[in-house]
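Before any comments, here is the structure.
Laboratory data are not the source of any read-out in this text; all were calculated from the coordinates shown. Note that the structure is a prediction, hence the values are computed from the model and not measured. Cβ sites come from the backbone with ideal geometry, for glycine too, and all protein chains shown count toward neighbours.
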Amino acid sequence: MIGRIASKASLLAASVLTLLFVECISHPGVALAHPAATQVAVASQASTVVTFTSNGATTEHATTAKTVGDFLKERGLTVGDADFVSPAAGTPLSDKIAVTYRAAVAVTIETSKKTRTIVSSAPDVGALFESQEINLGKHDQVSASLSDPLVANEVIHITRVMSWTKTTKLHMPQRVITREDFSLPAGTTRVIAPGRSGEKEFVVAFTRRDNGLTSHRIIATRIVRKPSARIVARGIGDWAAFAQMAKYGLQRTSYVSASAISMVATAYTAGCYGCTGITASGYRAGHGIVAVDPRVIPLGTRLYIPGYGVAIAGDTGGAIIGNRIDLGFNSLRDAFQFGRRTVTVYRLRKG
């Protein structure tokens, strides 16, 4: 059976060649096509392979189009004025050529000052801002990431943010400590320690959004200089005024003498050799703190010494035995000026 089909095919082919030969004889101007010419005609109809990227997707296509524009038409695309095409539409196609096409979309950009709609084929939000010469500040905020591709009818909001820091200093007032002094005439004062005011530094961060209200917060603080107290002695007269001491508001309580002891008084300062500056009772040594023999005057007892003033028995000493008392002073000069003398020490009690 197969042999018969082959014979019929051969016979049919021979008949076609005979007809062509007869046609050529009947029409001398008609020639049979040469095999080589037939190959050239077939080759001229061969397709070109194009790597095509459209809106982020890449595919390959075989085409017989002659130019990039023809290829896009073949793909059913009508190129608008704002669309992106690379290479240009008139570029001839070659095998393995890469063609990129992005359709333009409408995007709205909003700020606090204006709103505008732009038709663009930019590949992402960052490229759109660059093409529109929109510059962002260091702290500005954008509703979309700069690397995001454009989406048709998308609204992108830009918030302008200003941020800065400022260092300010705050005055820290000094405390004023007043001490009653019977050695000074009533109504007079003497500065024992001048003291000084302090200073505190603040670092404040300010933020303003879209030229609106400015917010702030403290991000750092430090003490530049600590304040020290100003100590003032206030005269309330000598022993004659002792009985009226209450009217000067000494701790707002009336005091009277519980007893009087004759004692040998010496003077010391916190800066003496071997001194720590802290007394046995925990007080800081200085004017108004005296050392006593606790067997004679208990620690914590309030005292009045003419020529020195009101004091607290707040310290002890190895040489302070019996009727001895050591008076604290703030300066070596004052201690030397007082020297050594016999005094009457009055123990005070609440009345």
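Of the GluC sites (Glu not before Pro) in the stretch 52-139, the ones in a loop by DSSP (not H, G, I, E or B) with at most 15 other beta carbons within 10 Å are Glu133. Among the trypsin sites (Lys or Arg not before Pro) found in the stretch 108-202, those both in a DSSP coil and sparsely packed, with 12 or fewer other Cβ atoms within 10 Å of their Cβ, are Lys113, Lys114, Lys138, Arg175. Annotation note: trypsin sites (Lys or Arg not before Pro) in the stretch 276-321 located in DSSP loop regions with a Cβ neighbour count of at most 13 within 10 Å are Arg295.
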